[in-house]
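Just so it is clear, none of the values below were taken in a lab; they were calculated from the coordinates. This one's a predicted model, so the numbers in the text were calculated from it and none came from an experiment. Cβ coordinates were reconstructed from backbone atoms using ideal geometry, including for glycine residues, and neighbour counts include every protein chain displayed.
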Amino acid sequence: MFCKNVDRINPLKLINPDVDYTFFCAIWARRFLMHGTCNTVTKINLDSFKTSFPAKLLAGVQKGVMRTQYRSVPLYKSPFDLVLYLQLISRLRPATVIEIGAKFGGSALWFADMLALHGISPRIVSVDIEDLPRPSDSRILFIHGDVLSLGVALPNELLKELPRPWLVVEDSAHYYHTCLAALTFFDACLEKGDYLVVEDGIVAELPQNIYGRYENGPNRAVNDFLSAHPERYKIDWELCDFYGRNITYNPNAWLCRT
Ligand SMILES: C[S@@+](CC[C@H](N)C(=O)[O-])C[C@H]1O[C@@H](n2cnc3c(N)ncnc32)[C@H](O)[C@@H]1O
């Protein structure tokens, strides 16, 4: 019995010849450079937001993202990020998802269903500046509001009713000042263990004739915010680098409040 257990944890037997371990070494080196030996961000710079998506692949993925539907409602997330959210949901088991940027409500509907599949009674709050047709679902509260005045859209009386842990998703205007406004607002209300995901830093790597207007807003905002508050957040490397270095539309932007 004892021998069997030893056998099972023999590290040599864990090495899989089909796996390229240099990939893991590169990922660990990146983590060490940015976190050092502590758990929070120590060094961060804009270069570290680069993804390892090959340009051709990314162009195709983006075309698919813009055509994706969930239960006949447009849903603007990459297949990579949908799986990353699933990893996070099963690990965090968020009782509330707060989303800034609803569009047609596809992501709110998807979050509601995914939480329910995990046996969580979903509370989804989704804020958007535009009034668009959206699914009617008792689990989702759609609120008209501006990311620049979140205190109006999400007053304290509402926030204090929302059970923890929270998963907050900033997916609205993608400009530097709008991302920073969302980061600043939620920084004041997040508790230890809550998550904040700033979406679409990938705009820096998409065709600049269309996406250049965002001027690398999400990445610059996350970079400046984390540099100013290194002790308050941990970048979730498991998620950022799950498929390879920053193979996500949200590079370095899966953040856990510490
Ligand atoms: C990328 S879409 C959201 C996509 C949606 N979360 C999904 O995954 O399917 C961005 C949304 O942000 C909204 N938006 C833009 N500027 C905003 C602002 N200042 N405040 C709140 N919402 C804003 C837009 O109206 C749009 O519906």
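In the set 125, 61, which member is of a type in the set (A, V, I, L, M) and farther than 24 Å from residue 166 by Cα?
Selected residue: 61, the only one of 125, 61 that is of a type in the set (A, V, I, L, M) and farther than 24 Å from residue 166 by Cα.
Output the number of residues of segment 200-258 satisfying the condition of being surrounded by 22 or more Cβ atoms within 10 Å (Cβ to Cβ), of a type in the set (D, E, K, R) and either assigned to a helix (DSSP H, G or I) or in contact with an Asp or Glu (Cβ under 9 Å, 6 or more places away or on another chain) (or both).
The qualifying residues number 1.
Which of the residues spanning segment 54-86 are of a type in the set (Phe, Trp, Tyr) and in a helix (DSSP H, G or I)? Break it down into steps so the answer makes sense when it comes.
From segment 54-86, those of a type in the set (Phe, Trp, Tyr) are 70, 76, 80, 85; that's our starting set.
80, 85, listed by residue number.
Can you tell me how many residues in segment 86-110 are of a type outside the set (A, V, I, L, M, F, W, C), surrounded by 20 or more Cβ atoms within 10 Å (Cβ to Cβ) and more than 10 Å from the ligand (Cβ to nearest atom)?
Looking only at that region, the number is 2.
Can you name every residue in segment 97-129 that is within 25 Å of residue 241 (Cα to Cα) and among the hydroxyl-bearing types (Ser, Thr, Tyr)?
Within segment 97-129, just 107 meets the criteria.
Quick check: is even one residue across segment 216-227 farther than 18 Å from residue 99 by Cβ, polar (S, T, N, Q) and without any contact (Cβ under 8 Å) to a residue 60 or more places away in the chain?
no
Considering 72, 78, which residue is within 23 Å of residue 235 (Cβ to Cβ), out of contact with any His (no Cβ under 6 Å at 6 or more places or on another chain) and of a type in the set (Gly, Ala, Ser)?
Testing whether each residue is within 23 Å of residue 235 (Cβ to Cβ), out of contact with any His (no Cβ under 6 Å at 6 or more places or on another chain) and of a type in the set (Gly, Ala, Ser) leaves just 78.
From the residues in segment 143-193 that are assigned to a strand (DSSP E or B) and in contact (Cβ under 8 Å) with a residue 60 or more places away in the chain, which one is surrounded by the most Cβ atoms within 10 Å (Cβ to Cβ)?
170
So which residues in segment 65-85 are over 27 Å from residue 244 (Cβ atoms) and either among the charged types (D, E, K, R) or more than 15 Å from the ligand (Cβ to nearest atom) (or both), if there are any at all?
71
Of everything in segment 125-141, what is in contact with a helix residue (DSSP H, G or I) (Cβ under 8 Å, 6 or more places away or on another chain) and either small (Gly, Ala, Ser) or more than 11 Å from the ligand (Cβ to nearest atom) (or both)? Give them in sequence order. Please lay out each step first, then the result.
Step one: of segment 125-141, the residues in contact with a helix residue (DSSP H, G or I) (Cβ under 8 Å, 6 or more places away or on another chain) are 125-127, 129, 134-135, 137, 139-140.
Correct list: 125, 126, 135, 137, 139, 140.
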